[in-house]
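Below is one structure, written out as structure tokens; the observations come after it.
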Amino acid sequence: MRRFVFTLLLAMVFTSTSSQGLKLFSPEMKEAAPKTQTVVMDFLERYFTDLPNVRQTSIQNKMADDKVYFRKGKPSDLYQVCDTMPFSISLHDRYYEVNWQKVDEPFVTIVFPAQYDLLLGAQKDEASTTFKNAVLASPQRIEEVKIPSDLEQVEGSLYQTKGDTLELASLSDALYYNKVRESYHPVFDNDHLAYSAANLFHGLINDTDYRMYVEQSVYGMKTINYTITLSQWLNYCAEWGLKVFFAVEEEREDGILALVIAQSKELGYHHLLSVVIPDKFIIDQNAVLKVRMTPYIPIHNVKDLYQKQSTTHQKVRWQ
């Protein structure tokens, strides 16, 4: 009886406002926020607008299945929230906490997973199918010329950033620079192909662009093929705030076989790319980068997938 009364009251509150949708954030807030925070804002408004329309389960069960919980307050309190209330969006270890304050006291606190399918409102098959369009729709990134302050000498005039690693010591987000007199310049030369390729995928080489021939996995063990440019890929990474990790898996006669992982902790996924980079890419801007791509891998699955793919990489030969 208690659950029935709660659900009925909650449905009545939602029904009274669902026609126009729940508005928790002003357009100005969304415009000023990073892309991933905008996704969180849109998710909260969409989720609690659509919640009364659930079928074949109760609202309580739906929220429990999605792991959406109120630490303070209740769903109906959201209709007292206005865009002048102080609020915060905090990313913890794989989950978000969103908090509103009222009269300097916590008013509503919601927690939910940092999980892309929940936040984007799209299952993996749908997200993968629209992935190419998302890349093409990304705005041009702002190219900043800024020398990192944490450079460490590798050897001679070669320096690198300290960087982070992912699963493997060789899979890092390190950047590479040559020191000439008192100036630092991104490495991009035939003597350091691996470092040059890493800089390329980290967006340091602004005056070059390459075509990327992509073979992308989609739902149902199928693949789709398309061509984008490296700059379009870098635009996408910049828009979504992806952290890029790079490693050379094999140096071959025809070039480099590299592993690239673009990570979004904010949305809980990785994009995994296996890239063949021709040996003459430094001098030949018409070179084509051949990519096998698996998008939207949940963060906790990336190690297993990498280990599975790494056993077959030496069998890959592009025609």
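The values are calculated or read from the model by the stated rules, or taken from the named source; none is laboratory data. Worth saying up front: this structure is predicted, and the values here are computed from it rather than measured. When we count neighbours, we look across all protein chains shown, and the Cβ atoms used for this are built from the backbone with ideal geometry, even at glycine.
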Test: Ile205 is under 24 Å from Glu143 (Cα atoms) and modelled with pLDDT of 95 or more
no
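Table: residues versus (1) outside any helix (DSSP H, G or I); (2) among the hydrophobic types (A, V, I, L, M, F, W, C); (3) at pLDDT 50 or above; (4) within 29 Å of Tyr236 (Cβ to Cβ).
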site	(1), (2), (3), (4)
Leu10	no, yes, no, no
Ser16	no, no, no, no
Glu31	no, no, yes, yes
Thr49	no, no, yes, yes
Would you check which residues across segment 200-216 are surrounded by fewer than 17 Cβ atoms within 10 Å (Cβ to Cβ) and free of Cβ contacts under 8 Å to residues at least 60 places away in the same chain and list them?
Asp207
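Could we say that Leu119 is part of a helix (DSSP H, G or I) and surrounded by fewer than 19 Cβ atoms within 10 Å (Cβ to Cβ) here?
Spelling it out, it is not the case that Leu119 is part of a helix (DSSP H, G or I) and surrounded by fewer than 19 Cβ atoms within 10 Å (Cβ to Cβ).
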Give Tyr236, Tyr226, Tyr219 a once-over and let me know the one that is at pLDDT 95 or above and either surrounded by fewer than 16 Cβ atoms within 10 Å (Cβ to Cβ) or of a type in the set (Lys, Arg) (or both).
Tyr226
Here is a check on your reading of the model: is Phe246 in contact with a helix residue (DSSP H, G or I) (Cβ under 6 Å, 6 or more places away or on another chain), in the same structural domain as Leu171 (by TED's automatic domain parsing), buried (at least 18 other Cβ atoms within 10 Å of the Cβ) and modelled with pLDDT of 95 or more?
yes
Screening Asp173, Asp164, Asp150 for residues that are surrounded by 14 or more Cβ atoms within 10 Å (Cβ to Cβ), out of contact with any helix residue (DSSP H, G or I) (no Cβ under 7 Å at 6 or more places or on another chain) and not hydroxyl-bearing (Ser, Thr, Tyr) leaves only Asp173
So, Leu136, is that one farther than 17 Å from Tyr236 by Cβ, modelled with pLDDT of 90 or more and among the hydrophobic types (A, V, I, L, M, F, W, C) or not?
no
Would a scan of segment 65-81 turn up a residue that is exposed (fewer than 15 other Cβ atoms within 10 Å of the Cβ), among the charged types (D, E, K, R), assigned to a loop (DSSP other than H, G, I, E, B) and at positive phi?
yes
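Kindly indicate which of Ser196, Ser149, Ser170 is at pLDDT below 90 and under 22 Å from Ser274 (Cβ atoms).
Working: Ser196 fails: at pLDDT below 90; Ser149 fails: under 22 Å from Ser274 (Cβ atoms).
Result: Ser170 is the single residue among Ser196, Ser149, Ser170 that is at pLDDT below 90 and under 22 Å from Ser274 (Cβ atoms).
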Considering Val276, Val260, Val291, which residue is modelled with pLDDT of 85 or more, closer than 20 Å to Tyr210 by Cα and in contact with a helix residue (DSSP H, G or I) (Cβ under 8 Å, 6 or more places away or on another chain)?
Val260
